[in-house]
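Below you'll find the structure, written out as structure tokens, and then a few comments.
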Amino acid sequence: MKRNILITGGAGFIGSSVVRLFVKKYPAYRIVNLDKLTYAGNLENLRDVERAENYTFLRGDILDIELLATIFQEYTIDSVIHLAAESHVDRSIHNPDEFALTNIIGTIRLLRAAQAAWHTNFQGKLFYHISTDEVYGSVTSGYFTETTALDPRSPYSASKAGSDHFVVAFNNSYGMPAVISRCSNNYGPYQFPEKLIPLMINNIMHNKPLPVYGKGENIRDWLYVEDHARAIDAIFHSGRSGEVYNIGGNNEWRNIDLVKLLCQIMDKKLNRPEGTSGRLITFVKDRPGHDLRYAIDPAKVISETGWRPETDFATGLELTVDWYLSNTEWLAHVTSGEYLKYYDKMYANR
């Protein structure tokens, strides 16, 4: 079956993994990647598929409703996989307005564009919204399930919870075929080095302090990004409209233990004496409203779609470290911001 899929935020970390998978796995699908190319979106993430016949990149903002209407009409979009979002908790604390605008209003405008294009016939259509486990807040025991009440604690998670509610509302009020998935922490290649794992790798490479919030006791469930992309693929094709699916790796780590493990791996990779990188660990004042523990129960997505995480943590972490060590030019580009000036110049007259 041919599909015309709009993937928003497809130049970002998770988005580029999803775009790459769909372009390569489904040559009969037309994949349209819409990305604003902010600091976290980088077309270098997609060099291996940029010339594929079934792939189109468009630079644009999901807030631009006229652009969205044109895209739906011109490319006969029948499905949306919505990943475009502001996603960094620290940035949301300093600038909550931007997160509300992009994550909530942007999602509403995308929903409206889909509704306008599909309202005469929802058959074969799907709006797939990618969310986060952070909307559930913190859990002291047990696991988040799809029926866990939303309890967001940061402006970022509040904005994602708000967008989730609007997707549910469009499904209930207008009959919009829609699914939502909420995933645990992702790691892997192409992740912008503001997130924990690439930040620590980059800082160790340059002998910079390794900032750890509080005592490093916060716990996260980690999933390799390609496993997340495969889960999105499974839910896109097998998920039931109106349902929420939690995606997790059953792989919980305290932040301090993860950082220490990265230090050990990096010392070996860089041929440094054991313990060298560990001395860079620096405990800093805890982040406001810092959730203690996230833990996902993925039983529903496993039972309904057959998906399971395939990459064990030792393998995934090794692949991730090796990728960053082999792609220092990419790291230099994204940390300097020079690639953004290139994009601005390239698209200035389009």
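The numbers here are math on the coordinates, done by the rules we state, and not lab data. All figures in this text were calculated on a predicted structure; none of them were measured in a lab. Counting neighbours? That spans all protein chains shown, and the Cβs are built from the backbone with ideal geometry, glycine included.
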Q. Per-residue HN-Hα couplings for the range 303-313, Karplus 6.51 cos²θ - 1.76 cosθ + 1.60 at θ = phi - 60°, whole Hz, x for Gly and Pro?
A. 6, 8, 10, x, 5, 8, x, 10, 9, 5, 5
(Q) Run the reach check for K25 against lysines, Cα to Cα strictly under 26 Å, same-chain hits fewer than 8 apart removed. What comes back? (A) K2, K36, K125, K300
(Q) Using a Gaussian network model on the chain with a 10 Å cutoff between Cα atoms, which of G289, G15, G106 fluctuates the most? (A) G289
Q: Any chance you could give the angle, 0 to 90 degrees and rounded to 10, that helix 106-118 forms with the longest Cα principal axis of the chain?
A: 30 degrees
**Q.** Amide H contacts of F127 (H built 1.01 Å from N, under 5 Å, at least 5 apart or other chain)
**A.** V80, A178, V179
Q.
What do you get for the angle between helix 255-269 and the principal long axis of the chain? Use alpha-carbon atoms, 0 to 90 degrees, nearest ten.
A. 70 degrees
Q. What's the extension gain from F283 to A169 if we count 0.36 nm per residue and subtract their Cα-Cα distance?
A. 36.8 nm
Q: Net charge near D312: determine it from the other residues with C-beta under 12 Å of the C-beta of D312, scoring Lys and Arg +1 and Asp and Glu -1.
A: -2
(Q) Suppose we keep just the DSSP beta bridges with both residues in the range 179-289; what percent of those would be antiparallel, to 5? (A) 20 percent
Q) Picking from I5, I219, L261, whose Cα lies most toward the positive end of the charge dipole for the chain (charges on Cβ: Lys, Arg +1; Asp, Glu -1)? A) I5
**Q.** Likely footprinting exposure, D97, D322, D64, fewest C-beta neighbours within 10 Å first
**A.** D97, D322, D64
Q) Given H placed 1.01 Å from N in the peptide plane, which residues other than close sequence neighbours of F144 have an amide H under 5 Å from its amide H? A) A295, I296, D297
Q | Residue-by-residue Karplus 3J(HN,Hα) for the range 152-165, coefficients 6.51, -1.76, 1.60, Hz, glycine and proline x | A | x, 10, 10, x, 4, 5, 5, 5, 6, 4, x, 5, 4, 4
Q. Suppose every K and R has +1 on its Cβ and every D and E has -1 on its Cβ; what is the size of the dipole of the chain about the Cα centre, in Debye to the nearest 20?
A. 280 debye
Q. If you rank C263, C183 by fewest surrounding Cβ atoms within 10 Å, what's the result?
A. C263, C183
Q: Calculate one ³J(HN,Hα) per residue across the range 319-334 by plugging θ = phi - 60° into the Karplus curve 6.51 cos²θ - 1.76 cosθ + 1.60, and present them in order as whole Hz with x for glycine and proline.
A: 4, 5, 4, 4, 5, 5, 5, 8, 10, 5, 5, 4, 4, 5, 5, 6
Q: Over all alpha-carbon pairs in the range 144-184, figure out the percentage whose distance exceeds 15 Å.
A: 47 percent
Q.
Quick check on the exposure proxy: order V49, V168 from fewest to most C-beta atoms within 10 angstrom.
A. V168, V49
Q. Out of residues 5 or more away from I281 or on other chains, whose amide H comes under 5 Å of its own, with H placed 1.01 Å from N in the peptide plane?
A. L210
Q. Which whole number of Å³ per residue matches the convex hull of the alpha-carbon atoms in the chain?
A. 131 Å³
Q. Mind checking the dipole of the range 201-329: about its Cα centre, +1 per Lys or Arg Cβ, -1 per Asp or Glu Cβ, Debye to the nearest 20?
A. 560 debye
Q) So which trypsin sites (Lys or Arg not before Pro) in the range 14-91 end up in coil per DSSP with only 16 or fewer other C-beta atoms within 10 Å? A) R47, R51
Q. With Rg and the Kirkwood Rh both taken from Cα atoms, where does Rg over Rh land for the range 236-350?
A. 1.07
